[in-house]
Amino acid sequence: MRMIQTINAPAAIGPYSQAVELEGILYTSGQIAIEPTAGKIIAAYIEGQAEQCCKNIGAILEAAGYDFSNVVKTTCFLADIADFKKFNEVYAKYFISKPARSCVAVKDLPAGALCEIEVIAAK
């Protein structure tokens, strides 16, 4: 198992890794819209938070030697399902290969985030 760590994505705020690679498959932890240099969520709206989530995922993928085209599955969490359309508009700019996806609304996300994304990627 290879643990992935990059300063270009938010540091883990608990006992977990940003991502783990095993036998050519990368599993990321969920990424919320924490801006890595600020160490907090800057964007107040779903579009900005979705954008930052995707940037964080991209940084982790790059650190592990992957890119968005390697993503085979995503799991997306929204604090409000009414944000689904706006979230999808941002998501579609990054996940152009259209990986399999689950997207659900949840009661709360860490740090008051509006969305969270985790991915599985393969080479």
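Table for the structure above
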| quantity | calculated |
| --- | --- |
| Length-normalised contact order for segment 25-123 - Cα pairs under 8 Å, 6+ apart - percent | 44 |
| Carbon + sulfur, % of accessible area of the chain - ligands and nucleic acids excluded, 1.4 Å | 57 |
| Over 24 Å between alpha carbons, listed pairs Lys55/Lys98; Lys73/Lys93; Lys40/Lys123; Lys86/Lys123 | Lys40/Lys123; Lys86/Lys123 |
| Where segment 72-114 is the region considered: accessible area per residue in Å², 1.4 Å probe | 60 |
| Unit charges on C-beta of K, R, D, E only; dipole of the chain, Debye | 180 |
| The chain: calculated mean residue ellipticity at 222 nm from DSSP helix runs of at least 4, using -39500 (n - 2.57) | -8000 deg cm²/dmol |
| Per-peptide average of other Cβ atoms within 10 Å, ordering 105-113, 90-98 highest first | 90-98, 105-113 |
| Values of log10 I(q)/I(0), in the order q = 0.15 Å⁻¹, for segment 1-116 under a Debye, Cα-only, solvent-free model | -0.62 |
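The values are calculated or read from the model by the stated rules, or taken from the named source; none is laboratory data. Because the structure is predicted, anything quoted here is derived from the model rather than measured. Neighbour counts run over all protein chains shown; Cβ positions are idealised from the backbone, glycine included. All accessible areas refer to the heavy atoms of the entire protein, side chains included, with ligands and DNA or RNA removed. Shrake-Rupley method; radii C 1.70, N 1.55, O 1.52, S 1.80 Å.
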